[in-house]
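Colleague: Submitted below is the structure of interest, expressed as structure tokens.
The values are calculated or read from the model by the stated rules, or taken from the named source; none is laboratory data. Small disclaimer: the values here were computed from a predicted structure and weren't measured. Backbone-built Cβ (ideal geometry, glycine too); neighbour counts: all protein chains shown. For accessibility, only protein heavy atoms count, side chains too; no ligands or nucleic acids. Shrake-Rupley method; radii C 1.70, N 1.55, O 1.52, S 1.80 Å.
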Amino acid sequence: MSRFTNTIGVISAAVLVAISTFAAQSADDIKLPTGYRNWFHVNTMIVDKASPLFEAIGGMHNVYINSAGLAALKKGGPYPDKTVFATDLHEFTVVDGSYVEGARKGVATMVKDSKKFAATGGWGFQVWAGGDPKKPVVTDPTKQCFECHQPKKDQDYVYSTYIP
């Protein structure tokens, strides 16, 4: 290989590492919110075995929003900076035709900061396995989260809507 090719290879590798570090760093900056179960409860969604998303996000999703985003939720967005959505994801069982919440699988968070997270529509994403703040899951917010949220661009990348 030529010296030029080797140099390009090293630069490319360095850029990839820098990009990967930035993506992980952005997700790592997000902290598990405390007290989110006292926030406004937006809705509950069940992703069951009939869904193609079951393997990735199956369970009972209890979605909450902090006070910074509540007015925007009620009018359908856009959401101001400092809005936080927290999704408390649980296993579930069906008992006598009723869906019953089970063990916590994780807590997912979307944090609005239009400058910091400009590359992902102004939203930062993180998920904590079992809701444990020492077990963050998201290392590449674009691939792991934002790609799925892109179809909701007209709703500021948010799937949940206000139900009066």
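Colleague: Report Rg (one decimal) and Dmax (nearest whole number) for region 111-164, counting Cα atoms only, units Å.
Modeller: 12.3, 36
Colleague: Among 74/152; 31/82; 31/112; 82/105, which pairs are too far apart, with a Cα-Cα distance over 18 Å? Walk me through the intermediate numbers first.
Modeller: Details: 74/152 16 Å; 31/82 13 Å; 31/112 13 Å; 82/105 25 Å.
Exceeds cut-off: 82/105.
Colleague: Along Cα→Cβ, 7 Å out, is where each label goes; now give me the distance between the ones at residue 82 and residue 118 in nm to one decimal.
Modeller: 2.2 nm
Colleague: Report the calculated FRET efficiency for residue 153 and residue 98 (r = Cβ-Cβ distance, R0 = 45 Å), to the nearest 0.05.
Modeller: 0.80
Colleague: Right, another one. Net charge near residue 66: determine it from the other residues with C-beta under 14 Å of the C-beta of residue 66, scoring Lys and Arg +1 and Asp and Glu -1. Could the numbers behind the result be given before it?
Modeller: On the way: positive: 31, 37, 74, 82, 112; negative: 81, 88, 113.
Taking every other residue near residue 66 into account, the sum is +2.
Colleague: Using a 1.4 angstrom probe on the protein heavy atoms only, could you order 39, 128 from most to least accessible area?
Modeller: 39, 128
Colleague: Something else about it: After finding the eigenvalues of the alpha carbon gyration tensor for region 26-164, what semi-axes result from the square roots of 5 times each, listed largest first in whole Å?
Modeller: Equivalent ellipsoid of region 26-164: 23, 17, 15 Å, largest first.
Colleague: How long is the gain from residue 129 to residue 40 if the chain were fully straight, where each residue apart is worth 0.36 nm and the alpha carbon distance is subtracted?
Modeller: Here the answer is 29.8 nm.
Colleague: What does the net charge come to around residue 42 if you take all other residues with beta carbon closer than 15 Å to its beta carbon, with K and R at +1 and D and E at -1?
Modeller: Combined, the nearby Lys, Arg, Asp and Glu give +3.
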